[in-house]
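Q: Mind having a look at this structure? Questions to follow.
Derivation of every value follows stated rules applied to the coordinates shown; laboratory data play no part. Quick caveat, the model's predicted, so the values are computed rather than measured. Cβ sites come from the backbone with ideal geometry, for glycine too, and all protein chains shown count toward neighbours.
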């Protein structure tokens with residue numbers, strides 16, 4: 001199972017507490033994880049990626065295993081530890097509040 | 001006994017304020033959608049328990065929320081609570097947050113740019129819903145005014161949205177420019193006597209009218225005079241802040257422009273200034289008394305760079321003559337050291353007798369008057385900055 005940590009606002013929208021776990025078919029990539037996430041929680045469509053272009057929203061970042069994956073290609077494999085469910089994929093909103 | 005429900009959108013959530021017809025004691029609930037910007041929420045005239053809310057965030061984009069029980073519970077219309085979130089084929093259900101400009105050959109012209117602040121072409125980019133206007137007759141039909149300026153409509157209770165692209169496809173579309181707050185379609189007025197007629201206003205393109213339910217549009221800015229644009233009497237380019245009408249006289253419109261308070265007696269074909277003796281004719285909201293079509297309200301603001309009341313005195317101005325002759329309404333409002341603003345969607349009236357008038361400030365106060373503006377009382381004083389105020393009068 002793939003573990004995903006959502007920011008608080010998106011957990012509220014998806015009506016979930018804590019981590020989300022997903023069963024992802026095939027290779028574990030940003031795209032496949034986000035496709036599965038949005039299929040499971042369609043209320044999140046458009047909140048992480050643009051509805052049409054599927055590009056990451058400007059103030060949203062992806063991290064895992066202490067690496068910034070925000071600028072990786074959507075179809076690049078995620079770290080093995082994420083694929084094995086050892087580490088979560090972190091969806092993070094840009095810092096606000098000063 | 002009748003009741004009143006005031007719907008307040010703020011920078012950090014929505015609040016619902018309820019009272020009986022006396023409008024003296026208020027029950028305050030919220031924040032709903034805590035932490036999100038709520039640009040607007042409004043109830044359906046055809047079903048007062050049906051409410052729509054625009055929830056947005058610079059991080060996570062646009063969300064549409066709907067309540068079917070008078071703001072007790074909310075859901076995204078594409079994914080009602082308790083229902084499967086996917087179709088039997090596994091596809092996500094509902095597109096209620098999806099606002100995509102129509103560029104199809106059939107209904108949308110392939111417009112790709114408007115003007116940016118510096119006059120260069122800029123692609124249309126959806127940012128948020130500024131205003132939701134439910135149909136006067138059908139709870140499942142609702143219009144959305146969005147930034148970058150366009151008009152969308154849902155006929156399935158907010159599940160899906162489709163652009164009325166004839167507006168953006170008007171010949172002037174490529175020349176529209178944003179105002180300081182963005183290029184927003186912020187006002188939608190539905191003509192109660194003619195379902196084919198809709199008025200809208202855009203900052204900073206101006207006002208437009210359709211007489212064929214949104215297929216074609218015409219600018220209705222004749223008589224506007226704006227010194228801040230290259231051609232002060234141009235057909236488009238005026239920074240209209242708000243338009244209001246009384247439902248008994250849909251051909252008579254009142255406008256608060258960037259500067260100037262204006263009036264039209266011919267459904268927007270021509271306008272004339274009615275600023276009269278106002279201390280400043282800059283401002284944002286304008287509204288009409290529920291029972292007196294010639295009684296209108298504005299909140300003068302000092303200037304386009306000094307967005308606070310003149311002299312630090314928060315004053316609503318009322319004209320009982322449809323403009324030109326204005327009286328200051330100050331009883332109960334702060335008359336010293338007050339430097340809040342009142343935004344364009346942050347004033348509303350109820351339909352009780354006497355008419356109630358309400359407005360919210362960027363300082364988080366929501367003021368109510370149960371006597372047509374003669375006196376005011378703050379319902380709440382310390383909300384987040386108020387973006388919008390709507391009122392429902394309930395049986």
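Q: Hey, fewest Cβ within 10 Å first, where do B:143, B:39, B:117 land in order?
A: B:117, B:143, B:39
Q: Just the C-alpha atoms of segment B:227-361: what Rg/Rh do they give, with Rh taken as the Kirkwood radius? Display every interim value, and only then the final one.
A: Values: Rg = 14.4 Å, Rh = 15.1 Å.
That ratio is 0.96, to two decimals.
Q: Where does each of B:214-226, B:361-373 land if you order them by average Cβ count within 10 Å, highest first? Write down the numbers at each step before the final one.
A: Working: B:214-226: 19.7, B:361-373: 21.6.
Sorting B:214-226, B:361-373 by mean packing, highest first, produces B:361-373, B:214-226.
Q: In whole Å, largest first, what are the principal axis extents of the Cα atoms in segment B:225-293?
A: Principal axes ranked by extent give 40, 27, 17 Å for the Cα atoms.
Q: What is the Cα centroid distance between segment B:288-309 and segment A:1-77, reported in whole angstrom?
A: The distance from the Cα centre of segment B:288-309 to that of segment A:1-77 comes to 46 Å.
Q: Need the C-alpha centroid separation for segment B:11-30 versus segment B:207-224, integer Å.
A: Segment B:11-30 and segment B:207-224 have Cα centres separated by 36 Å.
Q: Over the protein assembly as shown, consider all pairs of different Cα atoms and compute the Kirkwood hydrodynamic radius from their mean reciprocal separation; express it in Å, one decimal. Display every interim value, and only then the final one.
A: On the way: mean 1/r = 0.0424 Å⁻¹.
Result for the protein assembly as shown, one decimal place: 23.6 Å.
Q: Ok, one more. Rounded if a/c is under 1.5, else prolate if a/b is larger than b/c, else oblate: which is segment B:42-351, with a ≥ b ≥ c the root eigenvalues of its Cα gyration tensor? Intermediate values should be presented prior to the final figure.
A: Details: a/c = 1.71, a/b = 1.37, b/c = 1.24.
The shape class here is prolate.
Q: Got a sec? How would A:12, A:53, B:321, B:393 order by Cβ neighbour count within 10 Å, fewest to most? Can you show the working numbers first?
A: Values: A:12 15, A:53 7, B:321 12, B:393 18.
By the 10 Å Cβ count, ascending, the order reads A:53, B:321, A:12, B:393.
Q: What shape does segment A:2-93 have by the C-alpha gyration tensor, where a ≥ b ≥ c are the square roots of the eigenvalues, rounded means a/c under 1.5, and otherwise prolate means a/b greater than b/c and oblate the rest? Each step should come with its number before you reach the end.
A: On the way: a/c = 1.34, a/b = 1.16, b/c = 1.16.
Rounded shape, in that the Cα axes give a/c under 1.5.
Q: Given a 10 angstrom Cα cut-off, can you work out which residue in B:200, B:188, B:379 is the most mobile in a GNM of chain B?
A: Between B:200, B:188, B:379, it is B:379 that shows the largest mean-square fluctuation.
Q: For segment B:325-392, take the alpha-carbon Rg, divide it by the Kirkwood Rh, and send me Rg/Rh.
A: On the way: Rg = 11.6 Å, Rh = 12.2 Å.
That ratio equals 0.95.
Q: Right, something else. To the nearest whole number, what is the average tally of beta carbon atoms from other chains within 10 Å of the beta carbons of peptide A:36-44? Before the final figure, lay out each step's value.
A: Numbers: counts 0, 0, 2, 5, 4, 4, 13, 11, 6.
For this peptide, the per-residue mean of nearby foreign Cβ atoms is 5.
Q: While we're here: Starting with the fewest neighbours, write out B:376, B:26, B:116 ranked by other beta-carbon atoms found within 10 Å of each beta-carbon.
A: On the way: B:376 22, B:26 17, B:116 13.
Placing the least packed residue first, the sequence is B:116, B:26, B:376.
Q: Hey, how many Å between the Cα centroid of segment B:128-194 and the Cα centroid of segment B:229-249?
A: After rounding, the separation between the Cα centres reads 16 Å.
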